[in-house]
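Below is one structure; the comments refer to it alone.
Here, each number is a calculation from the coordinates, and none is a lab measurement. These numbers come from a predicted model, not from an experiment. Cβ placement follows ideal geometry from the backbone for every residue including glycine, while neighbour counts extend to all protein chains displayed.
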């Protein structure tokens, strides 16, 4: 795929927080003076901090998606997967949705490929578990839980009911902690419509290898969240490993064994593996080491015209002190993207680049309706938030960070609707096999003789 040689071509790999924001900034600042191309396997950005609420029926799934072509009107969007990066030839090999292989040349390369779930060779994990990084996964978790409630209310078999109502979340960090807390809140709200079910019938289990949960918010707030979850009936196993989950039978390192119809894996992330199919230098974790100005670091200094940011990188955290790197979160990714785009403009104009510097504003997490934990860093002071204030702060910040005004308004409108009529408790598991009803109807039709 050739580009206009009369103006610089910026190729952006990844349409997530980094990619979309870099492209948006470049099209605003450079206009028609540069060509901007974004490559992603999905035609939309998923605002991942809202996935726990999608998984709990509190937010409509479409409202956490920002369509790239609608947002990036001045850029070309290619829907496809990156197969290989050849910086020596200034080209990237991409396979489009219709399995057509194309080669895209560039003058500037931006890598924002993000991360994927870090899985382990645990027996049964790949066959039985589901991740929680994509919107379809959050939808599937919601639909499975709600469908299981309906099925459990109808069955007379005690063991079947027990399996249907046991939900296991592996990993007690932000993703797992928020996901299980929101899901438990959804089930608690839904049980009022199931007189045949009692809260004691439902079992939520968190398996966490560390001795605490939500390490991102610190020890004290992590202990508060742990106490809150346990008081709500969520079983949290600390310093415990998942040994196997073959055929839906969960076996943990503390000797426990139980049947679970839903196993959600949120135990960490790793950089996008496509980086291994490149001639770019990677560190021991498989990430790209970056300079403070977000250029990718080579053996003898920065690589020419190669920038990167987000979860697939290690970026010096100048605000935290020497030797520290930025944690992989949306707050840094969004701000790194703005700095990165500005530095590309500066490089094109022949001006000196500026280092990325951002003081952490804090961390907030929701734990269900009106519940949450968080800490804010204001004026050199740390302010801890618990309960309603933390929940409100988390929602306010994420609405602010959610791309596009239309999506912000839709999320707020959905919350207002839920406040009036309660959250949606309807699961549609048939959506995973939409042709089933038609196939059954067709099968019952007499064959033409």
For the stretch 173-245, just the Cα set please: Rg and Dmax, both in angstrom.
13.3, 40
Could you work out how far apart the two model spin labels at residue 419 and residue 244 are, taking each label as a point 7 Å from the Cα in the direction of the beta carbon, and quote it in nm?
5.1 nm
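Based on the alpha-carbon gyration tensor of the stretch 324-398, what equivalent-ellipsoid semi-axes (square roots of 5 times the eigenvalues) come out, in whole Å, largest first? Kindly include the intermediate steps, with their values, before the conclusion.
Details: eigenvalues 214, 34, 16 Å².
The answer is 33, 13, 9 Å, longest axis first.
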Prolate/oblate/rounded call for the stretch 124-282, Cα gyration tensor, a/c under 1.5 rounded:
prolate
For the pair residue 231 and residue 160, how long in nm is the line joining their label points, each one 7 Å along Cα→Cβ?
3.8 nm
Test of understanding: in a Gaussian network model of the chain with alpha carbons linked when under 10 Å, which of 178, 151, 53 would top the mean-square fluctuation ranking?
151
By the gyration tensor of its Cα atoms, with a ≥ b ≥ c the square roots of the eigenvalues, what is the shape of the stretch 5-59: rounded for a/c under 1.5, prolate for a/b over b/c, or oblate?
prolate
Expected unfolding gain across residue 319-residue 440 under the 0.36 nm per residue rule, minus the alpha-carbon gap, is 37.4 nm
Global form of the stretch 232-286, assessed from the alpha-carbon gyration tensor, a/c cut-off 1.5
prolate
Quick check of the Kirkwood formula: for the stretch 343-449, what is the inverse mean of 1/r over all pairs of different Cα atoms, in Å?
19.2 Å
Could you please rank 265, 415, placing first whichever residue has the fewest other Cβ atoms within 10 Å of its Cβ?
415, 265
Using only helices, what value at 222 nm comes out for the chain when you add -39,500 (n - 2.57) per DSSP H run of length 4 or more and divide by the total residues, to the nearest 500 deg cm²/dmol?
-10000 deg cm²/dmol
Can you divide the C-alpha Rg of the stretch 40-79 by 2.2 N^0.38 Å and report the result to two decimal places?
1.32
The chain, Gaussian network, Cα under 10 Å: of 380, 301, 286, the residue fluctuating most is 380
Using a Gaussian network for the chain with springs between C-alpha atoms less than 10 Å apart, which of these wobbles most: 33, 243, 300?
300
As a percent rounded to 5, the proportion of antiparallel DSSP bridges among beta bridges in the chain is 55 percent
Net lengthening on full extension, residue 41/residue 7 (0.36 nm per residue, minus Cα-Cα):
9.6 nm
Give me the base-10 log of I(q)/I(0) for the stretch 309-366 at each q in 0.23 Å⁻¹, Debye formula, one uniform scatterer per Cα, rounded to two decimals.
-0.95
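Give me 79, 313 ranked fewest to most by other Cβ atoms within 10 Å of their Cβ, as a rough exposure proxy. Before the final figure, lay out the partial values.
On the way: 79 18, 313 29.
So the ranking, lowest neighbour count to highest, is 79, 313.
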Quick one: if the Förster radius is 25 Å, what FRET efficiency do residue 100 and residue 276 give, using the C-beta to C-beta distance and rounding to 0.05?
0.60
Calculate the FRET efficiency for residue 193 and residue 381 from the Cβ-Cβ distance with a Förster distance of 30 Å, rounded to the nearest 0.05.
0.10
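If eta is 1.002 mPa s and T is 20 °C, what Stokes-Einstein diffusion coefficient results for the stretch 129-183, Kirkwood Rh from Cα pairs, in µm²/s?
On the way: Rh = 12.2 Å.
This corresponds to a translational diffusion coefficient of 176 µm²/s.
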The stretch 161-265 - share of DSSP beta bridges that are antiparallel (%, nearest 5):
30 percent
Report the percentage of all Cα-Cα pairs in the stretch 274-419 whose separation exceeds 18 Å, rounded to a whole percent.
66 percent
Based only on other Cβ atoms within 10 Å, what is the fewest-to-most ordering of 260, 200, 154?
200, 154, 260
Computed P(r) (all Cα pairs; the chain; 10 Å bins; percent):
4, 19, 28, 25, 16, 6, 2, 0, 0
Compute from the Cα atoms of the stretch 17-126 the Rg and the Dmax, the latter being the longest Cα-Cα distance, and quote both in angstrom.
16.5, 54
Once both axes come from the Cα atoms, what is the angle between helix 405-421 and the longest principal axis of the chain, in degrees from 0 to 90, rounded to 10?
10 degrees
